[in-house]
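So the structure is just underneath, and the comments pick up after that.
The values are calculated or read from the model by the stated rules, or taken from the named source; none is laboratory data. The shown structure was predicted, so the numbers you read here are calculated from the model rather than taken from an experiment. Here the Cβ is made from the backbone with ideal geometry for all residues, glycine too, and neighbour counts use every protein chain on show. Just so you know, the surface numbers come from the protein's heavy atoms only, side chains and all, with ligands and any DNA or RNA stripped out. Shrake-Rupley method; radii C 1.70, N 1.55, O 1.52, S 1.80 Å.
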Amino acid sequence: SVSMFLNTLTPKFYVALTGTSSLISGLILVSTRYINITLQINFLTQNGISDFIQINSKGSNHTTQVAEGKGRSCENKELPTVECKVWRNPLNLFRGAEYNRYTWVTGREPLTYYDMNLSAQDHQTFFTCDTDHLRPADAIMQKAWRERNPQARISAAHEALELNECATAYILLAEEEATTIVEAEKLFKQALKAGEGCYRRSQQLQHHGAQYEAQHRRDTNVLVYIKRRLAMCARKLGRTREAVKMMRDLMKEFPLLSMFNIHENLLEALLELQAYADVQAVLAKYDDISLPKSATICYTAALLKARAVSDKFSPEAASRRGLSTAEMNAVEAIHRAVEFNPHVPKYLLEMKSLILPPEHILKRGDSEAIAYAFFHLQHWKRVEGALNLLHCTWEGTFRMIPYPLEKGHLFYPYPICTETADRELLPSFHEVSVYPKKELPFFILFTAGLCSFTAMLALLTHQFPELMGVFAKAFLSTLFAPLNFVMEKVESILPSSLWHQLTRI
């Protein structure tokens, strides 16, 4: 009975069976892809990406949030509105001496309105307090920080200096009016002299009430800001050892002000001195699981480990003998860094052009990658073979990250809001880098397409056998028409006897 059943089956049945199975395979592939994307979105939504989102809250905690470098806390779960963190760039440039110079040369604005508005909020929080109205110069500067017109701010700063030696007025002039780093340094030294006097006076009165406490906190912020910018001026003017000493003294004097991220300035200066042992000592202190990571921390750690093996690293030799322990550690460090911020390698490998870094950055975003590569590219170039090792290994990170959740091994899932925030922080002429999504292998895509096409042909053949037969004949005749034309031309050119022998062969 089985043999009789098999003998009665027609070729049309086998075609339909093949097409149906192909259709089912394609549907399974598409549904699996859809389920994976849905699970990824649900995972990101339910877990909240707690280390990389901020609560957009207003009111009483605004001062605390800005003092933490614009890093908003996400512990207050009852607030529904969330967005990505925005941090003050530890290595931000000077507006007058650097950003304005770029505008003069290119005619482009390197800073966005959103970025400058965040800076204005920072200045109002760091450099003002509730008792400013009691001092005429500070009252003028309180209004100056709210001004959106640069010339109005500069005029207000000069007006404040006519009344008194105001440290914040010198800061504004050093940041925005000075056209060179040398001029900015002179103004910051004058600001330091005025700021130290205010700090000593407020330190003696800080426990006499809430207003005095707020004034002392403001004077502390002003003093730390001035000393840090003086250290950055020394670094830019080539006095790197002096800058390192100033940064170390500042970190010892104010150990609790870690939200300023002065250690990132210190790491960059130490790398310039090629003091790799000191860099490792700083990393050992700040590359801790309880502290927020940054591209500077992760990629500097990768650079130090790559430095130990990069000069002798060869992809061909590594593929033959395998990776040594030191090479494995370096590759793992690179994978860790790329997993944290995947945009950095393209800038370090000069696959994408750099622009001036913004005044605020988004951790794990393109803005942070620009800020890091702008200052650290020279340090990677200085280590022989480091960029070659990075080039050979960085793309392997995306094959290691679990898919489709993009959970990663060491960090939370990559924030899905970074592209939108980076477009607000970066100028319009810059092409924003986006997270390199995993792509399906070509074989899977080809198989899915072939299955779908076969299923469609089988279905049409089953429903319209005569019409599909005519279509198949027309398609084959069209397909072989060029070949028939060539054969006719060859037959007309060659002698009949030779053509007869060739056809026999």
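Cβ separations smaller than 7 Å between residues 6+ apart or across chains give the following pairs from the stretch 105-116 residues that are at pLDDT 90 or above to residues that are in a helix (DSSP H, G or I) and open to solvent by 70 Å² or more (accessible area, probe 1.4 Å): T112/E424; Y114/E424. Summed over the stretch 318-347, the residues that are outside any helix (DSSP H, G or I) and open to solvent by 10 Å² or more (accessible area, probe 1.4 Å) give a count of 3.
Scanning the stretch 477-504 for residues that are open to solvent by 90 Å² or more (accessible area, probe 1.4 Å) and within 30 Å of L457 (Cα to Cα), we see that the one that is modelled with the highest pLDDT is T478. The set of residues in the stretch 292-317 being open to solvent by less than 10 Å² (accessible area, probe 1.4 Å) and either outside the structural domain of K346 (by the TED database) or not in a helix (DSSP H, G or I) (or both) consists of S294 alone. Within the stretch 86-108, being open to solvent by 40 Å² or more (accessible area, probe 1.4 Å) and out of contact with any His (no Cβ under 7 Å at 6 or more places or on another chain) holds for E98, N100, R101, Y102, W104, V105, T106, G107, R108. Within the stretch 223-242, is even one residue more than 28 Å from the chain's Cα centre (by Cα), of a type in the set (S, T, Y), within 20 Å of A174 (Cβ to Cβ) and assigned by the TED database to the domain that holds L266? No, because not a single residue in the stretch 223-242 is more than 28 Å from the chain's Cα centre (by Cα), of a type in the set (S, T, Y), within 20 Å of A174 (Cβ to Cβ) and assigned by the TED database to the domain that holds L266.
Being assigned to a helix (DSSP H, G or I), in the same structural domain as N265 (by the TED database), over 26 Å from the mean Cα position of the chain (by Cα) and not polar (S, T, N, Q) is the requirement here; does H123 meet it? The answer is no for H123.
What number of residues within the stretch 307-350 are more than 23 Å from the chain's Cα centre (by Cα) and of a type in the set (D, E, K, R)?
The number of residues fulfilling the criteria is 7.
Scan the stretch 134-175 for residues that are outside any loop (DSSP other than H, G, I, E, B) and either hydroxyl-bearing (S, T, Y) or open to solvent by 80 Å² or more (accessible area, probe 1.4 Å) (or both) and the total you get is 10.
Take the residues in the stretch 191-221 that are at pLDDT 90 or above and within 27 Å of L270 (Cα to Cα), then tell me which one is least open to solvent (accessible area, probe 1.4 Å). Only one residue tops the list, namely A191.
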